[in-house]
Number of protein chains: 2
Amino acid sequence: MGLETPGFHFSVTCAGIRQREHPDMALIVSDPPARWSGTFTRNRVKAAPVQIGMERLRKGVPLSVILVNSGNANACTGERGVRDAQLLCREAAHLLGVPENQVIMASTGVIGHPLPLKRMKSALPTLVRNLGQSSLADVAQAIMTTDRYPKWEIIPVQGYPEIWVAGVVKGAGMISPSMATMLGFFFTNAGMPLSALHPITHQAVMNSFNRIKVDGDQSTNDTVLVLDNGAAHEGTPENRLKGAISYTLEKIMRSLAWKIVDNGEGVTKVVTIVVETAKTEEEARRIAESVGNSPLVKTAFYGEDPNWGRIMAAIGYAGAEINPEDIDILFDDVTLASKGHGTGKLAEQRAADVMKRHDYTVRIILRQGSSSYRIITSDLSAEYVKINADYRS
Amino acid sequence: MGLETPGFHFSVTCAGIRQREHPDMALIVSDPPARWSGTFTRNRVKAAPVQIGMERLRKGVPLSVILVNSGNANACTGERGVRDAQLLCREAAHLLGVPENQVIMASTGVIGHPLPLKRMKSALPTLVRNLGQSSLADVAQAIMTTDRYPKWEIIPVQGYPEIWVAGVVKGAGMISPSMATMLGFFFTNAGMPLSALHPITHQAVMNSFNRIKVDGDQSTNDTVLVLDNGAAHEGTPENRLKGAISYTLEKIMRSLAWKIVDNGEGVTKVVTIVVETAKTEEEARRIAESVGNSPLVKTAFYGEDPNWGRIMAAIGYAGAEINPEDIDILFDDVTLASKGHGTGKLAEQRAADVMKRHDYTVRIILRQGSSSYRIITSDLSAEYVKINADYRS
């Protein structure tokens, strides 16, 4: 129990924030306090816990405690929301005997309702008492909202058997660059100094959570944090170690990002969009996102319809330099359009077979330059609409 | 038959482009030839008929004939597509005895398949023979794809009883600024010179078809044309007449734009989004489009769920200057959020009642300046997904 991530301790409980009998609060404690880095939502409407977290991260004090809840986002709750979150942080700090500025919150759930403060406060002693009796898997379960399965991983760093990286995320709806209504907490004993931790974190997030799309909405609560409480290295860590950590963190983030899309509300297909030979990476990105965000393309994925014309149209309005007569579109190994033209009925049938798979890759070859970009998107299903139309009822 | 729009003559037929027993070709003839203006899709992937139309419009020659078909967009069909469209234009010109450069095509339907040239060519003599035997209502019917009802109007210009403006449109899926997979043809006997017709047309399109959203996709085929074959005025028309024409054209375009949203694939709600007191019109537009395009907001419209938090989140990621604590959100006359905070259960119940209506207005008050913007959007329903997943099957 919790032994897989020595130095990090967990507990979960059911505070009854949204419904009884489902754990909805989790306590994450780093002992010793961790150096930390992270990224928060770029939405201008930032939930109270995000405001507090951003401020503490900026100040550079170590992090001891993350108090997480599902069921209520504490967003659009004004000054009261900030006061409520501060009060819970203070209470947790008091119970755990750590400085208040080493405690942050992360919340997800419905927007615009104040936290059920009493219930959450009453749950704190239980959380503290049970610390260490829950595993990362329990945390993964407790922070879920409409996720279909818990998402967490612990992997060793190759070449450094004593070093490990672990992560736990929740995702589901509102998945879009930048980020998602997602929470992600990553842990390691690598002992990176902040000067290395920050760039490693940002690059890993950029190549993982910033490249997934379910519905194009950006949440008020997105938070990805990386906590490192290993013994700090003297001076700068050797490049080989830094590279290994960076590689491992990106690997685990990419794996969990894929699972977030796979867990997306009503998702039945996970589709990787790769745009190749674009003039610039920015243009490749714009096209990948235009295609990956098009409701018409996404419903065609759902309907298993190799409708490459919709993809071509979405390429066309991405605002990038293209020539339709130069473009190839492939579904896995099937070339569906070549130099802007359909390749015929047989190719359509073979592409329709590819589309029956749970996940596949759409490659778009532009012949404009040498840049590329890759994102992971999903289909748009009737189930997505049903889940989101009924979310609060 | 056709008498309501003297000088413009119509016929329709069933060429069997997509399925038998549904008219899928229409012939529109202006006699005398019309001065004309128009706007075409800004998608970089432009269908063959759009390429031809844009070139003829640029040259400024009068327009005698529009040959319209549904069932096949003639997009992503390369040089062959252009040759096919030119051939049909030439054939129609020949049969009607008008110069070839006074004939254009407008196509809508599936992308990436060549036109069924033989069938379409065989249909031309019938179309020419029956000219004048169809009404604008018949044209409205023939150019429909997944539209639910035909959309057309003829209205007199107030103060000028002898002048009228008429219009016919098709819309349905892929409705988004700029424009839609939409075709719109407008007719008048106003006798405006081109110097007046161009700005009047552009402004009317800007305030109507460029402000509707169903799914955020932009088509390869969008075309809105205004044909004026009235006796040209000597010199510049008086301002009062110009104003009356401008007003009437915008009025008819707005009315038909509303109907396009109401006809959108799987649409069950038509929602006007008004953003007020923004710093600039551009920021108001960005927020209106962000809200009107958010799948989470649109599914909440569908679910009749007064989830103003999703609206607030979509405001937040629009990339405009805002302060959440200054924002009011109203559903018709119900204030659901005031200065960034929910106004309580009773207001939510009253807003839920508003949302049971077929159409209503969401007002977003920013308190940042004095600019505003208005768009018309729809809900995102399970039916939308079903229609688009099955479109080609």
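The values are calculated or read from the model by the stated rules, or taken from the named source; none is laboratory data. Computed from a predicted structure; not experimentally measured. All Cβ positions, glycine included, derive from the backbone under ideal geometry; neighbour counts span all protein chains shown. Surface accessibility is based on the protein's heavy atoms, side chains included, excluding ligands, DNA and RNA. Shrake-Rupley method; radii C 1.70, N 1.55, O 1.52, S 1.80 Å.
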Which residue, B:Met206, B:Met253, B:Met144, tops the fluctuation ranking in a GNM of chain B built on C-alpha contacts under 10 Å? B:Met206
Skipping prolines and chain starts, which residues have an amide H placed within reach, meaning under 5 Å, of the one on B:Val110, given they are 5 or more residues away or on another chain? B:Gly71, B:Asn72, B:Ala73
quick note, the protein assembly as shown, DSSP beta bridge pairs, % antiparallel (nearest 5) is 70 percent
Tell me, what HN-Hα J-couplings in whole Hz come from the Karplus equation 6.51 cos²θ - 1.76 cosθ + 1.60 at θ = phi - 60° for each residue of segment A:125-135, using x for Gly and Pro? x, 4, 4, 5, 4, 8, 3, x, 8, 10, 9
Could you give me the ³J(HN,Hα) list for segment A:322-332, computed from phi with Karplus coefficients 6.51, -1.76, 1.60 and θ = phi - 60°, whole Hz, x at Gly and Pro? 9, 10, x, 6, 10, 8, 9, 10, 10, 10, 6
Apply 1/(1 + (r/R0)^6) to the Cβ-Cβ distance of B:Asp359 and A:His22, taking R0 = 51 Å, and write down the FRET efficiency to the nearest 0.05. 0.85
At 7 Å along the Cα-to-beta-carbon direction for both A:Arg374 and A:Gln51, put a label point, then send me their distance in nm to one decimal. 4.0 nm
Within the accessible area of chain A, what % is carbon and sulfur when the probe is 1.4 Å and the other protein chains stay in place? 51 percent
at A:Asp353 the sorted inter-copy label distances (label 7 Å from Cα on Cβ side), in nanometres, are 6.0
Using a 1.4 angstrom probe and counting only protein chains, how large is the accessible area of B:Thr272 in Å², to 10? 30 Å²
What accessible area, summed over both chains, is buried at the B-A interface (1.4 Å probe, Å², nearest 100)? 4200 Å²
Using a 7 Å offset from the Cα along the Cα-to-Cβ direction at both B:Val61 and B:Tyr149, what is the distance between the two label points in nm, to one decimal? 4.0 nm
For chain B, modelled as a GNM with alpha-carbon contacts under 10 angstrom, which of B:Arg119, B:Arg58, B:Arg286 fluctuates the most? B:Arg58
Provide an ascending nm list, one decimal, of label-point separations from B:Lys339 to the equivalent residue in each further copy; define each label point as 7 Å from Cα along Cα→Cβ. 6.6
Can you give the Rg to Rh ratio for the protein assembly as shown, taking only C-alpha atoms and Rh from Kirkwood? 1.03
Suppose R0 equals 22 Å. What FRET efficiency, 1/(1 + (r/R0)^6) with r the Cβ-Cβ distance, do A:Arg240 and A:Glu4 give to the nearest 0.05? 0.30
With r defined as the distance between the Cβ atoms of B:Val274 and B:Arg129 and R0 fixed at 45 Å, what FRET efficiency is calculated, to the nearest 0.05? 0.35
Just grab the label-to-label distance for A:Ala231 and A:Val82, each label 7 Å out from Cα along the Cβ direction, in nm (one decimal). 4.1 nm
Cut-off under 5 Å, modelled amide H: who pairs with B:Gly38 long-range: B:Val226
A correct Kirkwood calculation over the Cα atoms of chain A returns a hydrodynamic radius in Å of 21.8 Å
Gaussian network model of chain A, Cα within-10 Å springs - most flexible of A:Thr108, A:Thr220, A:Thr248: A:Thr248
Could you please point out the chain B residue with its Cβ nearest to the axis of the rotation taking chain B onto chain A, and the distance in whole angstrom? B:Ala382, 2
Pairing the Cα long axis of helix B:48-59 with the longest principal axis of chain B, what angle in degrees results, from 0 to 90 and rounded to the nearest 10? 80 degrees
Given chain A, what percent of its DSSP beta bridges are antiparallel, to the nearest 5? 70 percent
Of B:Asp84, B:Asp359, which has the most accessible area and how do the rest follow, probe 1.4 Å? B:Asp359, B:Asp84
With the 1.4 Å probe rolled over protein heavy atoms, the protein assembly as shown has an accessible area per residue in Å² of 36 Å²
I need the Kirkwood Rh of segment A:311-393: take the reciprocal of the average 1/r across all distinct C-alpha pairs and report it in angstrom. 14.8 Å
Alpha-carbon centroids, segment B:108-150 and segment A:29-57: separation in whole Å: 59 Å
Inter-copy spacing of A:Ser255 label points, which lie 7 Å from Cα along Cα→Cβ, given in nm from shortest upward: 6.3
Between segment A:266-299 and segment B:239-294, how far is it from one alpha carbon centroid to the other, in angstrom? 29 Å
